[in-house]
Amino acid sequence: ITTTVETVCPPDAYGYTCTDSNEAGGPTYNFEDISATGTPLTLGDDQMSAPIPMGLTFDYYGTAYTDISVSSNGFLSVLLGQSSGCCTGGTLPSPTTPNGVISAWWEDLDPGEPGGFIYYQLLGNAPNRYFVIQFTDIQHWPSGNPVTFQYKLFEGTSNIAIHYMAAPSDGGTHSAGIENQDGTIGLQYYLGPASLATPLAVCYAPPTSVAPGCRGLQDALWLSESPASGTIPVGDTAMVDIIF
């Protein structure tokens, strides 16, 4: 059985594609607020975090990673020693540092402004876990137009889903997209000074993904079962409907 997904970005040289929630077969917007349950990450203006253990293995452009670094300026990097990307969003891909970028809304953001928080949390059950990094009410520097969005990095499929609750502009250049480790291959979802219309979900899927709608391994769009779970005593039987 084959499903067809429209793509916003043509495949890059590695085979990654991207689609959004405005497209047929694209990801469903599903912002899972972890502000009450996630681990706070404290970053000041123009800072890059130390590597954060994700608790899962995530494949990115052919390399497996277990840690991720977070920039206060709205992007992630799979690499060590990258700059914070001050002070505007960059073209993706680009060999200029930072590299190995996964960007939701790269701009001159400042988590040190009052009311802004960053959280991270591992959700789900193996082998279908996903690591969430959430920016909540992070203001543009020096003050204003707070943004709220979250990343989901999926185990197994290695899909990347980004869910935008609020992505206003302050007039500067914003960048959203992905690039490989040396900045030679990648996808640019957005680069410019405008706001994004929200709510919005964007999916970046590797060529090996079996769930191009940015879901976990258990969520085949064309297959479901009823009941979805249950317990059968030894020696007994039960009917399960498999719906294609």
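The values are calculated or read from the model by the stated rules, or taken from the named source; none is laboratory data. These numbers were taken from a predicted model, which means no experiment stands behind them. Methodologically, a virtual Cβ is constructed for each residue, glycine included, from the backbone with ideal geometry; neighbour enumeration extends over all protein chains shown. Please note that ligands, DNA and RNA were not included when accessible areas were found on the heavy atoms of the full protein model with its side chains. Shrake-Rupley method; radii C 1.70, N 1.55, O 1.52, S 1.80 Å.
Note: relative contact order over the stretch 1-114, using C-alpha pairs below 8 Å and six or more positions apart, is 20 percent. Dividing the mean sequence gap of close Cα pairs (under 8 Å, 6+ apart) by how many residues the chain holds gives a relative contact order of 22 percent. Solvent exposure of the chain amounts to 44 Å² per residue of accessible area, where only protein heavy atoms count and the probe is 1.4 Å.
Relative contact order for the stretch 151-198: 36 percent, from Cα pairs under 8 Å spaced at least 6 residues apart, divided by residue count. The label point for T42 and the one for S83, both projected 7 Å from the Cα toward the Cβ, are 2.7 nm apart.
For A126 and V240, compute 0.36 nm times the residue count separating them, minus their Cα-Cα distance, and round to one decimal in nm. Don't skip to the answer; put the middle values down first.
Working: separation 114, 0.36 × 114 = 41.04 nm, distance 2.32 nm.
That pair, A126 and V240, stretches by 38.7 nm at full extension.
Once Cα Rg over 2.2 N^0.38 Å is worked out from the coordinates, which option in (1) 1.04; (2) 1.23; (3) 1.28 does it equal? Computing Cα Rg over 2.2 N^0.38 Å and matching it to (1) 1.04; (2) 1.23; (3) 1.28 gives (1).
Applying a DSSP loop filter and a limit of 10 other Cβ atoms within 10 Å to the chymotrypsin sites (Phe, Trp or Tyr not before Pro) in the stretch 14-91 leaves nothing.
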